[in-house]
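The block underneath contains the structure these notes are about, expressed in structure tokens.
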């Protein structure tokens, strides 16, 4: 429902400001252009999106996701010590993180939810510190290959669509670090 | 030196050979995955039609510039280009909305421009925070979210600042 309000607000605001600003003619044209641009964009990035989803699926089938999961277990045991005492929660958590890294959203979310459900047992509807940390980990995206964005860039004629990858890694790492630090500090300050 | 020029072909070759070595039917897995990619795209497309219409209308009315002018100076202090103002606000709420604004920015400024790159890195390094929180806490039956939202928003803001910083460091602010 939130999106209904946001979308209507965007349309109403542009019409109101267009009338006030004398740009209403351009607003009308832009509506048509925007809809056409959306379809054009999707069509021209379809190839790249499909190719990389395919590549990620091959990686998953080759056991790369399990390998990544094993790699992340020690880190997760440090971040979420109580939750990781339960081996099933740990395996859901590490699967969640490695699926996120590979950009497999369809695989990451169910695993993350499974972990969150197990961790929420006995919390009585209040988020524990570790649940907050899990959510922060998932709201700060860490993706090895930002394929959707690269697809958009390629569709718009970028000379090298993937040249932003190191910048994305740097921004992701800083963002996750800030989120985890904030969770740690707020967890200290916040009363239950 | 553009090392990303090696990334794509080497990664493709590595994935194919590693998969075959692990006795995976690489070709079948690839086409199954490609179909999933198409499903994702089909899920985005109807949203983008609505949202890009709204974003193009906002831009044409001149309101987008007004917003940029209002919060621009504050963003500039954080090193964030003011053109991305609208995207920052919609990013935690709607992934498709942010993609709509981001791709409009990349189209208007060029995908290899400073603003275009910053928009791309911001999209690639942040998530749809409120949606994610709703999904996780909703399915776990959590009603009191405590500090999860502020902590996640701090991560988002850091991501935005770091995106602009990373692009400045790696590509210059040209």
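Rule-based calculations on the coordinates, nothing more; no lab input. Predicted, not measured: the structure shown is a model, and the values here were computed from it. Reconstructed Cβ throughout: ideal geometry from the backbone, glycine too, with neighbour counts over all protein chains shown.
Miscellaneous remarks
- Two-decimal log10 I(q)/I(0) for the stretch B:7-48, as the Debye equation yields it once each C-alpha is a single scatterer, q = 0.20, 0.27 Å⁻¹: -0.70, -0.88
- For chain A, the Rg and Dmax computed from alpha carbons only, in angstrom: 21.2, 64
- Average beta carbon contacts from partner chains per residue of A:173-186, 10 Å cutoff: 6
- Mean partner shielding of peptide B:81-93, defined as the number of other chain Cβ atoms within 10 Å of each residue Cβ, is 1.
- Relative contact order (%) - chain A, alpha-carbon pairs under 8 angstrom, separation at least six: 18 percent
- Value of Rg/Rh across the stretch A:103-192 [Cα atoms, Kirkwood radius]: 1.10
- Rounded to the nearest 500, the helix-only mean residue ellipticity at 222 nm of chain A stands at -26500 deg cm²/dmol, with each DSSP H run of n ≥ 4 adding -39,500 (n - 2.57).
- Treating each Cα of chain B as an identical point scatterer and summing with the Debye formula, the log10 of I(q)/I(0) at q = 0.12, 0.15 Å⁻¹ comes to -0.74, -1.03.
- Whole-angstrom gap from the stretch B:116-174 to the stretch A:126-163, using each part's C-alpha centre: 9 Å
- MRE, 222 nm, helices only [DSSP H, n ≥ 4, -39500 (n - 2.57), over chain B, to nearest 500]: -26500 deg cm²/dmol
- Distance from the C-alpha centroid of the stretch A:90-120 to that of the stretch B:1-29: 25 Å, rounded to the whole angstrom.
- Label positions at residue A:71 and residue B:5, each projected 7 Å from the Cα along the C-beta direction, are separated by 2.7 nm.
- Spherically averaged projected area of the protein assembly as shown from its Cα convex hull (nm²): 18.5 nm²
- Neighbouring partner chain Cβ atoms per residue of B:17-26, average, 10 Å criterion: 4
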